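Worksheet: the structure to be examined is printed underneath.
The values are calculated or read from the model by the stated rules, or taken from the named source; none is laboratory data. Bear in mind the structure is a predicted one, so any value in this text is a computation, not a measurement. Don't worry about glycine lacking a Cβ; one is built from the backbone with ideal geometry, like all the others, and counts go over all protein chains shown.
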């Protein structure tokens with residue numbers, strides 16, 4: 001009965017905000033900071049509901065969202081000791097789509113860290129991933145799935161996400177099957193077609 005007091009609304013037009021396509025760098029000077037904080041981002045040519053999203057999920061996992069096994073972490077922390085952590089991620093939503101990442105490093109290592117991020121992404125786009133990287137990513141994504149739908153709250157969240165994205169209910173299970181059968185050739189072809197992640201804009205907090 002309370003709902004009867006409310007007027008029916010009108011459906012609004014969906015908005016989509018495009019990220020900056022031309023690279024730009026913003027330096028924020030903070031005299032009190034003891035480290036340099038590097039935030040970076042780039043456009044990504046994909047809309048919500050794209051049938052190739054499962055490829056993006058695998059590719060981005062390998063590049064920067066898988067923790068210690070990622071390309072960024074391997075190059076920036078393990079091999080060069082430039083940062084405690086470094087990550088990147090892909091956000092695909094109805095309102096926006098973008099590639100982004102973050103790391104913090106010593107003030108004197110700022111330029112080297114920035115250069116390393118550029119080199120890692122360039123190498124990733126140009127050469128793709130290895131069969132071992134694909135196998136490890138597939139193993140983790142498929143193996144961790146039961147933990148993502150373990151509780152009622154998680155299952156309801158997954159169902160809402162599918163509905164919000166306009167996908168059939170249960171589509172996440174189908175996506176896992178596509179990840180299971182994804183070939184090295186297909187994922188590397190996908191990566192090469194998304195060279196726009198090289199168009200990095202930076203926001204850097206430094207002294």
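One residue is enough: does the range 142-158 have a residue meeting the conditions touching a residue at least 12 places away in the same chain (Cβ under 8 Å) and within 17 Å of the chain's Cα centre (by Cα)?
no
Counting just the residues of the range 75-97 that are surrounded by 19 or more Cβ atoms within 10 Å (Cβ to Cβ) and either in a strand (DSSP E or B) or modelled with pLDDT under 90 (or both), which one comes out farthest from the chain's Cα centre (by Cα)? Write out each step before concluding.
At the first step, the residues of the range 75-97 found to be surrounded by 19 or more Cβ atoms within 10 Å (Cβ to Cβ) are 76, 82-83, 86, 88, 90, 92, 97.
Right, trim to either in a strand (DSSP E or B) or modelled with pLDDT under 90 (or both) and you get 86, 88, 90, 92, 97.
Working: 86: 12, 88: 5, 90: 2, 92: 8, 97: 10 Å.
Checked the range 75-97; the qualifying residue farthest from the chain's Cα centre (by Cα) is 86.
Within the range 14-55, take every residue that is outside any loop (DSSP other than H, G, I, E, B) and touching a helix residue (DSSP H, G or I) at 6+ places or on another chain (Cβ under 7 Å) and give me the one that is farthest from residue 165 (Cα to Cα).
Among those residues, the one meeting the criterion is 35.
Would the range 102-119 turn up any residue that is closer than 30 Å to residue 13 by Cβ, at pLDDT 95 or above and in contact with a strand residue (DSSP E or B) (Cβ under 6 Å, 6 or more places away or on another chain)?
Within the range 102-119, none of the residues are closer than 30 Å to residue 13 by Cβ, at pLDDT 95 or above and in contact with a strand residue (DSSP E or B) (Cβ under 6 Å, 6 or more places away or on another chain).
So how many residues does the range 58-74 have that are at pLDDT below 95, closer than 15 Å to residue 135 by Cα, within 12 Å of the chain's Cα centre (by Cα) and part of a helix (DSSP H, G or I)?
Residues meeting the conditions: 0.
Name the pairs: first residue in the range 1-24 and on the phi > 0 side of the Ramachandran plot and surrounded by 10 or more Cβ atoms within 10 Å (Cβ to Cβ), second residue at pLDDT 90 or above and part of a loop (DSSP other than H, G, I, E, B), Cβ to Cβ under 6 Å, at least 6 apart or on different chains?
none
Of all the residues that make up the range 166-197, how many are closer than 30 Å to residue 22 by Cβ and out of contact with any strand residue (DSSP E or B) (no Cβ under 7 Å at 6 or more places or on another chain)?
Just the residues of the range 166-197 that are closer than 30 Å to residue 22 by Cβ, to begin with: 187-197.
Of the ones still in play, those that are also out of contact with any strand residue (DSSP E or B) (no Cβ under 7 Å at 6 or more places or on another chain) are 187-195.
Within the range 166-197, residues that are closer than 30 Å to residue 22 by Cβ and out of contact with any strand residue (DSSP E or B) (no Cβ under 7 Å at 6 or more places or on another chain) number 9.
Answer yes or no as to whether residue 129 is closer than 27 Å to residue 45 by Cβ and crowded, with 18+ Cβ neighbours inside 10 Å. Spell out how you get there, then give the answer.
Details: closer than 27 Å to residue 45 by Cβ: yes; crowded, with 18+ Cβ neighbours inside 10 Å: yes.
So residue 129 passes the test.
Out of all the residues in the range 105-125, which are in contact (Cβ under 8 Å) with a residue 60 or more places away in the chain, part of a helix (DSSP H, G or I) and surrounded by fewer than 16 Cβ atoms within 10 Å (Cβ to Cβ)?
107, 118, 122, listed by residue number.
Looking at this structure, is residue 133 over 16 Å from the mean Cα position of the chain (by Cα), touching a residue at least 24 places away in the same chain (Cβ under 8 Å), in a helix (DSSP H, G or I) and under 19 Å from residue 200 (Cβ atoms)?
Taking the combined requirement at face value, the residue does not satisfy it.
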